[in-house]
DNA sequence: GCGGTTGGTAGACAATGTCTACTCAATCGG
DNA sequence: CCGATTGAGTAGACATTGTCTACCAACCGC
C-alpha cells in the first residue's frame, strides 16, 4: 500500500517536507498528520513512528522556519558596510515576510508548542536576533562607549518590534478593510523604514544605562 | 435538560458571552460551539439556532472585540490636548493589548472569517483607525498645509504598525526565549514609544504628496 | 536460528463542526 | 376556537482529526 518512492529517503524527511508544503499553502491550522500521511501514501499512523505528536512535528517546522529566516537575514547582511547593514536587514526582513507569509505567521503568529518541551525550536530565533544585535552594535550613531548591552538590546527590540509590526500589519485582515489607497499601502513599508531611520539617527539619551533616569 | 437560567436573556447573548469567556481564558483555537453549549447546559445544536456556523459566532466576537478596543482608545484620548493625544493613545493601546492578550490576538493574530462575508466585523476596526488618524491630524508637527490625506495615512500606518509590533512582540514566544533581562523587557515598550516620539518629532519630507519623490 | 528492535498497518476512541429529522410550544389567520 | 406555521431546542448521524493500542514483517546481532 505504501508508495515506496516516498520512502527512498527516510519517511521522516518526507513528512517534514510535506508538512511544510501544507503549511505554506494552507496555513498552520490546516496542518494535519493524517493529511501528511495521505499525501505520502502511507497509513495514518506512519508519521507517529517518527514524531510523538503533532506538536513535535510542528516544533521542527518552526525550527526550520527560523533557520531559513535567520539564514536569509545573514545572507542579506553579509558583506555590507556597517552603515548599510541595518537598512539591508530591514529590507530583507520585510522581503521574507512578504514572500513567505504563512511561514512568517508560523513563527510569530501562532501559539507555538511549549518552548520548554522543545528546546531546539527557538535556537535559530536567537540567532536571528543576534544578527540584529550585532548589526546594531556596528551601527555608527548607536553607541560610543562600552558595549552597553542593555542599550543595544532595547534598540534591537525596538527595531525588531517596529519591523515586525509592519510585516505583521500588512498581512492582517484589519488593514485590508481600512479602505486605504493601494498607493498608500504600497508606500507604507518604505515609509515606516524611513521613520525608523530617523528615529535611530537621533538617538537622544541612553536611558537604560543611567541608573536613575528621571527621579 | 436545558438550564433555564441561562436563557433569561436570549440564548444568543448567552452564547456570545460564553464564547468570549472561552476565548479569553483559552484562546481562539480552543473555542468550540459544543463547549459553549455544554457550559450553557443546552444541547450541542442549540447554538446553531442562532449562528449558522462557527465562523459567524467568531465574526461577532471579533466585532465586539474591535468595538471594545476602539472604545478604550476613545476613552483614553478624550479630553486630552492635541499634544498629549498620541502619547495617551499609544499607552492605551499597549495597555489594552497587555490586559487582554487573547482578545488582542483574536483581532490581529488569527486568520479571521472572510471579511467579505461578515461585513460588520471590521466596522470598529475602521473606527479605531479613525481615532488614530484624527489624532495624527491634530498632532502639531505632523502637518501644515492641506489635509494631505495620504500623508496622514502613511503616518498612521507607521504609528499603528510600530505600536502593534511592540504589543505583538511582547506576546510572542520568540522574545521570551531570547534571554533578555527582565529589566530590558520591562523597559522595552516605553523605550519604543520614545523612539517613535523622536521619529515623529523629526518629520523630514512629505514623501507621498510629492509626485515623483526621487527619480 | 532466534529474540529484540525498527518501521509500518489497522482498528478503535473521543472530540469537533455540521447535516437532517424530530418535538414542543407559541402565535396567528380564519 | 382551531389548525397551520414558525421559532427554539433536542437527538442522532457523519466525516474529520489527534491519539492509543494491538498487530505484523522485516532485519540484525548473537
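Coordinate-derived values only; no laboratory data. All of these numbers come straight from a predicted model, not from anything done at the bench. Cβ atoms come from the backbone with ideal geometry, glycine included; neighbour counts cover every protein chain shown.
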Exercise. If one computes P(r) from the Cα atoms of region A:24-72, what percent of pairs lie at distances over 12 Å?
Worked result: 67
Exercise. Helix B:82-99: angle to the longest alpha-carbon principal axis of chain B, degrees 0 to 90, nearest 10?
Worked result: 40
Problem set entry | chain B: translational diffusion in µm²/s, Stokes-Einstein, Kirkwood Rh over Cα pairs, 25 °C, 0.890 mPa s | 125
For this session: Would you calculate a helix-derived [θ] at 222 nm for chain A, using -39,500 (n - 2.57) for each DSSP H run of n ≥ 4 and dividing by the full residue count, to the nearest 500?
Result: -20500 deg cm²/dmol
For this session: Could you work out the mean projected area of the convex hull around the alpha carbons of region A:78-199, in square nanometres to one decimal?
Result: 9.1
Exercise. Can you list, shortest first and in nm, the gaps between the label point of residue B:45 and those of its counterparts in the other copies, using a point 7 Å from Cα in the C-beta direction?
Worked result: 3.4
Exercise. Which of rounded, prolate, oblate describes region A:18-123, given a ≥ b ≥ c as roots of the alpha-carbon gyration tensor eigenvalues and a/c under 1.5 marking rounded, otherwise prolate only if a/b is larger than b/c?
Worked result: prolate
Exercise. Distances from residue A:186 to the same residue in each other copy, label points 7 Å out along Cα→Cβ, in nm, shortest first?
Worked result: 4.7
For this session: Could you tell me which of rounded, prolate or oblate describes region A:74-139, using a ≥ b ≥ c as the square roots of the eigenvalues of the alpha-carbon gyration tensor, with rounded for a/c under 1.5 and, failing that, prolate when a/b is larger than b/c and oblate otherwise?
Result: oblate
Exercise. How big is Rg to Rh over the protein assembly as shown, alpha-carbon atoms, Rh as the Kirkwood inverse-mean-distance radius?
Worked result: 0.99
Exercise. Roughly how tilted is helix B:149-169, in degrees to the nearest 10 and between 0 and 90, from the longest Cα axis of chain B?
Worked result: 60
